[in-house]
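The values are calculated or read from the model by the stated rules, or taken from the named source; none is laboratory data. Since the model is a prediction, treat every value here as computed from it, not as a measurement. Cβ: placed from backbone, ideal geometry, glycine included. Neighbour counts: every protein chain shown.
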Ligand code: GRF
């Protein structure tokens, strides 16, 4: 399968995919054909370049409207003919055009146990609520924010000391679980194929 990975930041999830594929290129069942970003000069793009993967940048401010940006992102992504698109810390909500082309094959990872704590501050919001367990969710993207059908989740326990640093250490522990989960899910989707029936996802 051909993967396009979208990033906005440090790209450690991207790196986990790069490493898993490099460790067993034939066995993994997918390769990253391009990495896209909504901003330049980020570590995620450097990681792609270091791995010899083509990159593209699509910035909102270079397009007249949000819809024009969305169409340009869809076009740039489609140019690489992906079977699956992975949002790995991509911090933008895509629009209608992108979903029309990639709905049902656009995977996102979120650092909380959805449907609790969607949005950009999942870790902080979970702490603010006083939860005792949180984690991460890998799901298909639909029109809602962090709302599409759930593929897999991982659990992380909250510790008392997590309240002392605004969730920084907790987010790091979540990301360890998240990277393993994302690599596992993307590999299985690519190798086995899947069905989405309503909200239920079955990997075949
Ligand atoms: C992940 O926790 C992702 O779920 C969140 O931002 C983080 C991205 O980390 N939205 P990285 O860029 O893959 O290191």
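Yes/no per residue for (1) farther than 18 Å from residue 203 by Cα; (2) touching a strand residue (DSSP E or B) at 6+ places or on another chain (Cβ under 8 Å):
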site	(1), (2)
140	no, yes
151	no, yes
160	yes, no
170	yes, yes
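Only one of these is touching a helix residue (DSSP H, G or I) at 6+ places or on another chain (Cβ under 9 Å), outside any strand (DSSP E or B), more than 13 Å from the ligand (Cβ to nearest atom) and at pLDDT below 95: 161, 143. Name it.
Going through 161, 143 in turn, just one is touching a helix residue (DSSP H, G or I) at 6+ places or on another chain (Cβ under 9 Å), outside any strand (DSSP E or B), more than 13 Å from the ligand (Cβ to nearest atom) and at pLDDT below 95: 143.
Mind listing whichever residues of the range 1-36 are in a helix (DSSP H, G or I), under 21 Å from residue 111 (Cβ atoms) and away from the ligand (no atom under 12 Å from the Cβ)?
Passing the criteria: 19, 20.
This table checks each residue for (1) crowded, with 19+ Cβ neighbours inside 10 Å; (2) outside the structural domain of residue 65 (by TED's automatic domain parsing); (3) more than 19 Å from residue 29 (Cβ to Cβ).
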position	(1), (2), (3)
94	yes, no, yes
155	no, yes, yes
168	no, yes, yes
202	no, yes, no
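Residues in the range 151-200 that are over 17 Å from the mean Cα position of the chain (by Cα) and closer than 19 Å to residue 107 by Cβ: how many?
10
With the condition being away from the ligand (no atom under 16 Å from the Cβ), I'd like the strands (runs of 3 or more DSSP E) fully within the range 37-125 carrying at least 1 qualifying residues.
Answer list for the range 37-125: 55-57, 84-87.
Of the conditions (1) more than 23 Å from residue 39 (Cα to Cα); (2) touching a residue at least 24 places away in the same chain (Cβ under 8 Å); (3) surrounded by fewer than 17 Cβ atoms within 10 Å (Cβ to Cβ), residue 161 clears all except one; give me its number.
(2)
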